[in-house]
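See below for the structure under consideration.
Readers should treat all values here as calculations from the given coordinates under stated rules, not as data from a laboratory. Just so it is clear, the structure is predicted and the values come from calculations on it, not from any experiment. Glycine gets a Cβ as well: all are built from the backbone with ideal geometry, and neighbour counts include every protein chain shown.
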Amino acid sequence: MDENFTPRQVATALQVSESSVKRWCDLGVIRTDRTVGGHRRIPLEFLLDFLEKTNRRVVQPSAIGLDQPQEIGRISDQGALNRESLQATFETALIAGDESICRRILSAWYAMHGGIATVSDELLGPTFRSIGENRENGKVEIYEERRACDICYRLLHELRRLLPEPQGFAPLAMGGAASGDGTQLPSQVIEIVFREYGWRTICLGSNLPFRTMLSAARKHMPKIFWLSSTYIENTDVFLSEYARFAKSLPKGIMLLVGGRALNDEIRQKMVFSSHCDTMLQLSNLAKTLRVGSRPADPQI
């Protein structure tokens, strides 16, 4: 995905007139750069700033390269990169705190390989596993790992804001991570997966007591409640509290679980509607269930 857009691209993405975008640029409502020839160019960060201040949403993501696979010729000065070298460059940039390069690579991966599920399974997952191993081996500092997480939080938030707003009748998915599990990235990715297929979403966050997640489920009555488990501090306590939560969950809510902490032994002691080992599996599930949730055509 290119990070600099023409007024026409932005107009198409927002479904407004090109003259309106140019006027906003000239008035300073949208911060704008100029080419050597004097043409307006709107960097991604300026577009995001405009969306934030005006509470607007991107209506047609393809206009700015968000949902159409495309060939990305040059991601950095190193030239065209394959998946393995992209992942390695992404990891190096994350550890170094180079947010600009990380944004380019994540955007390119999203555009080339089709959706956030692939980004998570093939880019984010391997990268953070490697960073975690290097931190344990003393090759990466704790602050570098946490800074890498913060960078990805921001980049995923930017991506979420560029997706179209779900329709009011769309089914609702909500969820988060239980007490002791402070990892936020998986739930951020899960939320974007659902939104890509038109679901409304509520991401509750991480490190949440089961009682407050149950309260949220009872209040909002989602079609799906997801539980992401990356870390379990005490397995017995987790399973006991989870059992009460699952038993108390209102009927009609599908309980979806996943995460690297839920190995086969733990899962066998849990009751749930479905589980996903990868974000691609989740993506297929979200797509299938969304099709089955579409309202019937009005009778003529």
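Rounded to the nearest 20, the Cβ-based charge dipole of the chain about its Cα centre (Lys and Arg +1, Asp and Glu -1) stands at 1280 debye.
Between residue 226 and 174, 175, 176, 256, the built amide H atoms are under 5 Å apart, and every one of these is 5 or more places off in sequence or on another chain. Applying a DSSP loop filter and a limit of 12 other Cβ atoms within 10 Å to the GluC sites (Glu not before Pro) in the range 104-169 leaves 141. Within straight-line reach of residue 269, meaning a Cα separation under 18 Å, sit the following lysines at least 8 residues removed in sequence or on another chain: 247.
Under 5 Å between amide hydrogens, built in the peptide plane, is the criterion, and for residue 59 it picks out 14, 15 among residues at least 5 positions away or on other chains.
Of the chymotrypsin sites (Phe, Trp or Tyr not before Pro) found in the range 110-183, those that fall in a DSSP loop while having at most 11 other beta-carbon atoms within 10 Å are 169.
Classify the chain: rounded, prolate or oblate, from the alpha-carbon gyration tensor (a ≥ b ≥ c, eigenvalue square roots; a/c under 1.5 rounded; otherwise prolate if a/b is larger than b/c)?
oblate
Remark on residue 206: its backbone amide H falls under 5 Å from those of 177, a criterion applied only to residues 5 or more positions apart or on other chains, H modelled at 1.01 Å from N. Rounded to the nearest 5, the antiparallel percentage of DSSP beta bridges internal to the chain is 20%.
Out of the range 1-68, which chymotrypsin sites (Phe, Trp or Tyr not before Pro) are coil in DSSP terms and have no more than 13 other C-beta atoms within 10 Å? Kindly include the intermediate steps, with their values, before the conclusion.
Numbers: sites: 5, 24, 46, 50; in loops: none.
Hits after loop and neighbour filter: nothing returned.
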